[in-house]
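The values are calculated or read from the model by the stated rules, or taken from the named source; none is laboratory data. Because the structure is a prediction, the values reported are computed rather than measured. When we count neighbours, we look across all protein chains shown, and the Cβ atoms used for this are built from the backbone with ideal geometry, even at glycine. Please note that ligands, DNA and RNA were not included when accessible areas were found on the heavy atoms of the full protein model with its side chains. Shrake-Rupley method; radii C 1.70, N 1.55, O 1.52, S 1.80 Å.
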Amino acid sequence: MPTLFLDFMSQPSRACAIFIKLNSLPVEFQQVLIHKGETKGRDFRSRNPLGKVPFLEDETSSLQLPESAAILMYLAKRYSTPKHWYPSDSVKQAKVDAALHWYHSNIRAGCARLVFNTVLAPKLGITANPAISDEGRELLAIALKQMTEYWLQNGAQQFMCGNQVSLADLLCACEMEQLCMMQKAMHGTDLEDQLNQFPVVKTWMRDVAAACGPAYEDVHSLLRRAAVQSRRPSAPSKL
């Protein structure tokens, strides 16, 4: 049985976990906690020298696979999940591939830089870099505009690659969810603020969550609790 090494505070880890739960795939979860340094530990690095999660091991094929998009595509093919996730048709598949490539340097680049340098760095004892935070904010604004106009066609289509949810939607939505760690009064923006500026994206987020059913909220439960803790400055961090 394949094993997915993950941390539920990791955006792409959550995307993989939701996909596995939603499709009832026979994949075991093994947590590797980033904030405890476990991704850099000898045991995990012996499996994955890149030292990041998510990471998939499939002993039946001797596969050791990093990178969330590759993991999702592999699982979709291996278990023949519904084709809307990752189509077999070459043209439709190419559209999902394009969206997956776009995600990394746009939605993920913007959200990750912004959230890390406003919320997570101080909690991990790392000096935040305001310049990188500002860069992330700018990247995110551009990405959400592109999401609205290009990927969602100003609301003409429900999801990024058509009118059914795909792997690209799942990765992008899980990345956006990380913004719930922010507070507008403290950080200048938060998830609600970003979505209010881009109503088409707000509707899309709601539709992705609905398409993923209870698995979406279940997998995000730890993030929701961490977000509540982040709004209590006097409380010790439990991240």
If you go through Ala156, Ala143, Ala185, Ala168, the only one that is of a type outside the set (Lys, Arg) and modelled with pLDDT under 95 is Ala185
If we scan the stretch 103-110, do we find a residue that is open to solvent by less than 40 Å² (accessible area, probe 1.4 Å) and small (Gly, Ala, Ser)?
-> yes
Quick one: would you say Gln158 is touching a residue at least 24 places away in the same chain (Cβ under 8 Å) and either out of contact with any Lys or Arg (no Cβ under 6 Å at 6 or more places or on another chain) or of a type outside the set (Phe, Trp, Tyr) (or both)?
-> yes
Does Ala99 fit the bill of being of a type outside the set (Ser, Thr, Tyr) and closer than 17 Å to Met182 by Cα?
-> no
Are any of the residues in the stretch 146-160 surrounded by 13 or more Cβ atoms within 10 Å (Cβ to Cβ), in contact with a Ser or Thr (Cβ under 9 Å, 6 or more places away or on another chain) and closer than 18 Å to Phe116 by Cα?
-> no
Matching helices (runs of 4 or more DSSP H) fully within the stretch 1-82 where at least 3 residues are among the basic types (Lys, Arg) | 42-47
Taking the condition in contact with a strand residue (DSSP E or B) (Cβ under 6 Å, 6 or more places away or on another chain) and touching a residue at least 12 places away in the same chain (Cβ under 8 Å), does Pro130 pass?
-> no
Just to be sure, is Leu120 at pLDDT 95 or above and either touching a Pro at 6+ places or on another chain (Cβ under 9 Å) or open to solvent by less than 70 Å² (accessible area, probe 1.4 Å) (or both)?
-> no
Take the stretch 99-131 and flag every residue that is β-branched (Val, Ile, Thr) and over 14 Å from the mean Cα position of the chain (by Cα).
-> Thr118, Val119, Ile126, Thr127
If we scan the stretch 37-47, do we find a residue that is under 30 Å from Pro130 (Cβ atoms), free of Cβ contacts under 8 Å to residues at least 12 places away in the same chain and loosely packed, with under 13 Cβ neighbours inside 10 Å?
-> yes
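Matching residues to (1) of a type in the set (Lys, Arg); (2) surrounded by 14 or more Cβ atoms within 10 Å (Cβ to Cβ); (3) closer than 22 Å to Lys21 by Cβ; (4) in contact (Cβ under 8 Å) with a residue 60 or more places away in the chain:
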site: Met176; (1), (2), (3), (4): no, yes, yes, yes
site: Val200; (1), (2), (3), (4): no, yes, no, no
site: Met205; (1), (2), (3), (4): no, yes, yes, no
site: Ala210; (1), (2), (3), (4): no, no, yes, no
